[in-house]
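Let me begin by presenting the structure, written as structure tokens, before commenting on it.
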Amino acid sequence: MALQDAEKAWLFARRGRQLSEIEERLYHYFLFYDDQLKFIAGQESRWEKWIKAYHAMKHLGEPFRPGFMLDFFEEFCRRHSSALIKIFMDSINSRDFEKIVEIANAVKFIKSFEDKRGDLFRAEILFHKLWLDKKGIKWPIRKVAGKIGWPDKVGADGFKQLRRMCKELNFPLAESKHKANKT
């Protein structure tokens, strides 16, 4: 599975449906815009750890400065707002009423959208699969269960359903010690 396809599958599993192009752009714009406002207000940003890691990669040895995070947010929002403005202005200039209504409906949808409507276990499995496939690492089923918050095992093999789901998603499972001891 190509990386882009795996990312789309993860987002689909997490959201419960695929977003339209405009919904996707608005989703990312509001995600970063809201985090930028939180950061400015001195609240914890959900992207703070990721942005600090990104800074460390790009600026080796330089100390992290809070202004870098604000610059990052502003640049990201600027790029997304430019793309959204272009879509909106193109629809106005072409007098495309349907596109303007589509934009309005996308704003209405994103306003009430919660990014956790789908199958969260499946989404978490796909999220870890992306990373593990890149590294060529396999995890035992118990580790998968712990990482995704799977309910405690029940009976002799409480991971039967989880194992089936991992197999469907082509998750890199290591052979369990329980199976290895039987042979």
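Bear in mind that the values in this text are calculations on the coordinates, not laboratory data. As the structure is a computational prediction, the values presented were derived from the model and not from experiment. For neighbour counting, all protein chains shown are included, and Cβ atoms are generated from backbone atoms with ideal geometry for every residue, glycine included.
Projecting the Cα positions of Leu26, Ser45, Pro63 onto the charge dipole of the stretch 18-112 (unit charges on Cβ atoms of Lys, Arg, Asp and Glu, taken about the Cα centre) puts Pro63 furthest along the positive direction. With neighbours defined as other Cβ atoms within 10 Å of a residue's Cβ, the residues Val144, Val107, Val101 order from fewest to most as Val101, Val107, Val144. Remark: spin-label model distance Arg95-Arg17 equals 3.2 nm, labels positioned 7 Å along the Cα→Cβ axis. Protection proxy ranking, highest mean first, for peptides 70-83, 26-39: 26-39, 70-83, where packing is the per-residue count of other beta-carbon atoms within 10 Å, averaged. Arranged from fewest to most other beta-carbon atoms within 10 Å of their beta carbon, Asp90, Asp152, Asp119 become Asp152, Asp90, Asp119. Taken along the Cα-to-beta-carbon direction at a fixed 7 Å, the label points for Ala174 and Glu74 span 4.7 nm. Of the cross-linked pairs Lys108/Lys167; Lys8/Lys143; Lys8/Lys111; Lys86/Lys108; Lys38/Lys99; Lys8/Lys167, those separated by over 29 Å at the C-alpha level are Lys108/Lys167; Lys38/Lys99.
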